[in-house]
Amino acid sequence: MSGTFFTGLIPLTFGIAFLIGTTVIVADESVFSLNKRRIVSDAKDSSDRVFETADWPAEQTAVIVCDVWDYHHSINAVRRIEEILPRLNALLKEARKRGAIIIHAPSDCMPEYAGHPARLSATNIAKTPLPDDIAAWCSRIPSEEQASYPIDQSDGGEDDDPSEHQRWAEKLKELGRNPAMPWKAQSPGIEIDGTKDYISDRGDEVWSILVDRKIRHVIVAGVHTNMCVLGRPFGLRQLAKQKMDVVLVRDLTDCMYNPKRWPFVDHFTGNDLIVSYIERFVCPTITSDQILGGQAIRFQGDSRRVSDVAAVSPKSNPDSKAITWSILNVPTGPSRSLTSSKRLWLRCAIRFPDGALDQPGTLQAIGPVEGAWINGKPLSTEKATDGITIFKLDKELTFGNDDPNLLVLCYDVQFDASIHGAPQVITGAGITVLSGKWQAAYQSWNSNAEDLSATNIPLPAKFALPPEIFHECRR
């Protein structure tokens, strides 16, 4: 994301993020002396931030750079990435100098690096036995099963001014880029050492690199915290799931969060909430000054008097006409929200393991179901009898690559204000009952019955939906 591309459009200043923290004196360059931060809860559900010192031998440490692309569809995301680039590159140089390995992981960009020495180092690595699902997106790990996700990112998280966003999209078109997915390579602000580094966006390759180099500790930096940094096959969840000693560099990351979405806080508080969620349920965090010395970064636009927020009291939605999603346990009995509504929308993320839909399956829904959609596409009804509606599930409607899919159902609750039974998915592998947490939105009596905006979201479910509503079909 070179600054020359913004000439005459939006002025950017490089390396101007505020620096906070204290200088760290490095006693032994072969060791990373870290102060890992986590949030722990006691039996009374009281939470505290705790710190743990750790000495990581550099030769047993890897740094993974997640999705620091050359371009992005959000201009505000671009601005914030540009702020952390110099500090991130300096951290990589320091880690490399001390003996750590660097893995550059710009997803979807491997064609750009065909023949690059660092890419060849990754593809030529010795193969190793692989953990289950190491090549798949990771939507949730066991430690998150009872967690409440702190923000709504289902709109994609863009916080751009609409006019600036439009101008940026036009600029991307002029550059021959797809405004929705403009990235083709890692940012040129990140140096790649072809003699020492690796380039890969594959979970199986990254895992093989870690095993081959006898890596025990991983430092993750990059974007975006609440999407790719958490969920990629080489991301925080997958590494924590595989018992790797992993930390996030919390001042060298940024999330995708729109303040117009729940809990209706500013972007930087949204970022803090995601970091706090990670510290509670996924892994510890550190700051860049622990490796570089100097001071940790604070974004230039962050003018809050109180930062590093761990929890907030959600505000009310300022747009009274907007659809607001909340968590609902299914099945459910009568409730005031259902009684006062005309329609109930339910949505979740559902993963069909590879081969599960080689033969068409069915979705069975109990109660007054008006329709069902997968990834915004309507499901055809096979039959409806005795209060059960059966929909056909075709593989062609899904992503078909182990990725989570968006499943939406619409219920007419004007006469029966309850959901008596959880939907069920039936495939060749058996029956999966989709009981538990879903997201719910209530449509009032005076709403537009033709409005189907709730049936889809701007981004795939793996990026947009919280882990608490993730369901997986039987294998």
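The values are calculated or read from the model by the stated rules, or taken from the named source; none is laboratory data. Computed from a predicted model, the values in this text were never measured in an experiment. All Cβ positions, even for glycine, are placed from backbone atoms using ideal geometry, and neighbour counts span all protein chains on display.
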Fill in the blank from the handout: The condition of being in the same structural domain as Y277 (by TED's automatic domain parsing), more than 19 Å from C255 (Cβ to Cβ), of a type in the set (V, I, T) and part of a loop (DSSP other than H, G, I, E, B) holds, among I151, I190, only for I190
Problem - Qualifying residue in the range 126-135 (condition: out of contact with any Ser or Thr (no Cβ under 8 Å at 6 or more places or on another chain), modelled with pLDDT of 95 or more, assigned to a helix (DSSP H, G or I) and within 26 Å of L252 (Cβ to Cβ)) - result: no
Exercise for the section: Show the residue pairs that are 6+ apart or on different chains and have beta-carbon atoms under 7 Å apart, the first residue being within the range 433-454 and in the same structural domain as Q414 (by TED's automatic domain parsing), the second being modelled with pLDDT under 75. Expected result: Y442/S337; Y442/S341; Q443/S341; S444/S341
Exercise for the section: Give the range 355-410 a look and list any residue that's more than 19 Å from H471 (Cβ to Cβ), touching an Asp or Glu at 6+ places or on another chain (Cβ under 7 Å) and part of a strand (DSSP E or B), or say none. Expected result: E370
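How do the strands (runs of 3 or more DSSP E) wholly within the range 1-99 filter down when requiring 1 or more residues that are at pLDDT below 95 and farther than 18 Å from H217 by Cα: which remain? Quick ask: steps written out before the conclusion?
On the way: elements: 18-20, 31-41, 47-57, 61-66.
Where strands (runs of 3 or more DSSP E) fall fully within the range 1-99 and carry at least 1 residues being at pLDDT below 95 and farther than 18 Å from H217 by Cα, they are 18-20, 31-41, 47-57.
Which of the residues belonging to the range 193-232 are among the charged types (D, E, K, R) and in a loop (DSSP other than H, G, I, E, B)?
Answer for the range 193-232, where residues must be among the charged types (D, E, K, R) and in a loop (DSSP other than H, G, I, E, B): D193, K196, D197, D201, R202, R213, K214, R216, R232.
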Fill in the blank from the handout: Given the conditions (1) without any contact (Cβ under 8 Å) to a residue 24 or more places away in the chain; (2) crowded, with 23+ Cβ neighbours inside 10 Å, every one holds for S163 apart from (2)
Practice task
Just name the residue that is surrounded by the most Cβ atoms within 10 Å (Cβ to Cβ) out of those in the range 131-155 that are over 22 Å from S276 (Cβ atoms) and not hydrophobic (A, V, I, L, M, F, W, C).
Solution key: D133
Practice task
For N178, work out the one condition from (1) in a helix (DSSP H, G or I); (2) without any contact (Cβ under 8 Å) to a residue 60 or more places away in the chain it doesn't fulfil.
Solution key: (1)
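Do the conditions hold for G270, that is, is it crowded, with 21+ Cβ neighbours inside 10 Å and either under 30 Å from P131 (Cα atoms) or not assigned by TED's automatic domain parsing to the domain that holds S107 (or both)? Lay out the reasoning, then the answer.
Numbers: crowded, with 21+ Cβ neighbours inside 10 Å: yes; either under 30 Å from P131 (Cα atoms) or not assigned by TED's automatic domain parsing to the domain that holds S107 (or both): no.
No: the conditions fail for G270.
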Practice task
Restricting attention to the range 305-342, report how many residues are at pLDDT below 85 and not in a loop (DSSP other than H, G, I, E, B).
Solution key: 5
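Can you say whether F399 is out of contact with any helix residue (DSSP H, G or I) (no Cβ under 8 Å at 6 or more places or on another chain), of a type outside the set (D, E) and touching a residue at least 60 places away in the same chain (Cβ under 8 Å), as far as the supplied structure shows?
Details: out of contact with any helix residue (DSSP H, G or I) (no Cβ under 8 Å at 6 or more places or on another chain): yes; of a type outside the set (D, E): yes; touching a residue at least 60 places away in the same chain (Cβ under 8 Å): yes.
Considered against the rule, which asks whether it is out of contact with any helix residue (DSSP H, G or I) (no Cβ under 8 Å at 6 or more places or on another chain), of a type outside the set (D, E) and touching a residue at least 60 places away in the same chain (Cβ under 8 Å), F399 comes out as yes.
Taking the range 361-388 as the search range and keeping residues that are of a type in the set (V, I, T) and modelled with pLDDT of 95 or more, which one is farthest from the chain's Cα centre (by Cα)? Lay out the reasoning, then the answer.
Let us first name the residues in the range 361-388 that are of a type in the set (V, I, T), namely 362, 366, 369, 374, 381, 385, 388.
Among the residues that remain, those that are also modelled with pLDDT of 95 or more are: 362, 374.
Details: T362: 29, I374: 20 Å.
Filtering first and then ranking leaves T362.
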Fill in the blank from the handout: The condition from (1) under 16 Å from I134 (Cα atoms); (2) surrounded by 24 or more Cβ atoms within 10 Å (Cβ to Cβ); (3) of a type in the set (D, E) that D254 misses is numbered (1)
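Kindly indicate which of S313, S288 is in the same structural domain as F264 (by TED's automatic domain parsing), at negative phi and under 25 Å from the mean Cα position of the chain (by Cα). Lay out the reasoning, then the answer.
Working: S313 fails: in the same structural domain as F264 (by TED's automatic domain parsing).
So the residue among S313, S288 that is in the same structural domain as F264 (by TED's automatic domain parsing), at negative phi and under 25 Å from the mean Cα position of the chain (by Cα) is S288.
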